[in-house]
Amino acid sequence: MNDKINSASRKNDSSIVLGVMAGMDRYLIPIEEIQEVIALQKITSVPLTQSWFLGLMNVRGNLYGITDLGAYLNKKPTTHSSKSRVLLISSEKLFNGFIVNSMLGIRNLSEFVSKSLINEENARKGIDRLVDADGKFWQKLSLYKLMSDKKFTRATVS
């Protein structure tokens, strides 16, 4: 079953984000970066790849490289359950998917206050730290910036 993101929410409003859990952390991902959200399906492993690269998934005839978002961000690997979802991203003939533990809903960045701990690595990955009205920490994350990171483009083990 597909959890298609409502196209009405895809307007060019960069303040609309999708909240997800990866590992024990909360992330806010710009909605315009996400093509589709689907339930976890069969992943075919690829030998000699990094532990965070789980393999390939066929989605309606397109092969997506699947990354465990939590593991990639140097956190614990995602525990797969019925709540796990795959965020499908496509740009410039690249098809990538990111497994997350669960969905936390569509949010607006105006609900958060920046508590940025900007360092070079976080800036390169497009990560910004925020806090919500309940005092919970979130990280704004650009999957497009993450996919352009040298570490991400080198999924093979050398």
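The values are calculated or read from the model by the stated rules, or taken from the named source; none is laboratory data. Only a predicted model underlies this, so the values are computations on that prediction, with no experimental measurement involved. As a convention, Cβ positions derive from the backbone with ideal geometry for all residues, glycine included, and neighbour counts pool all protein chains shown.
Can you tell me which of (1) over 13 Å from L18 (Cβ atoms); (2) modelled with pLDDT under 95; (3) out of contact with any Leu (no Cβ under 6 Å at 6 or more places or on another chain) is the one N96 doesn't meet? For N96, the failing item is (2).
Can you name the residue in region 100-125 that is modelled with pLDDT of 80 or more and part of a helix (DSSP H, G or I) and is also surrounded by the fewest Cβ atoms within 10 Å (Cβ to Cβ) among such residues?
Of region 100-125, the ones modelled with pLDDT of 80 or more are 100-114.
Restricting the remaining residues to those that are part of a helix (DSSP H, G or I) gives 109-111.
Values: L109: 18, S110: 7, E111: 14.
Among them, the one singled out is S110.
Only residues that are under 16 Å from L28 (Cα atoms) and touching a helix residue (DSSP H, G or I) at 6+ places or on another chain (Cβ under 8 Å) were counted in region 73-101, giving 7. Within region 47-79, the residues that satisfy the criterion of being touching a residue at least 60 places away in the same chain (Cβ under 8 Å) and more than 18 Å from the chain's Cα centre (by Cα) are L48, T49.
State yes or no: is V59 within 12 Å of L88 (Cβ to Cβ) and touching a strand residue (DSSP E or B) at 6+ places or on another chain (Cβ under 8 Å)? Here the answer is yes, as V59 does meet what is asked.
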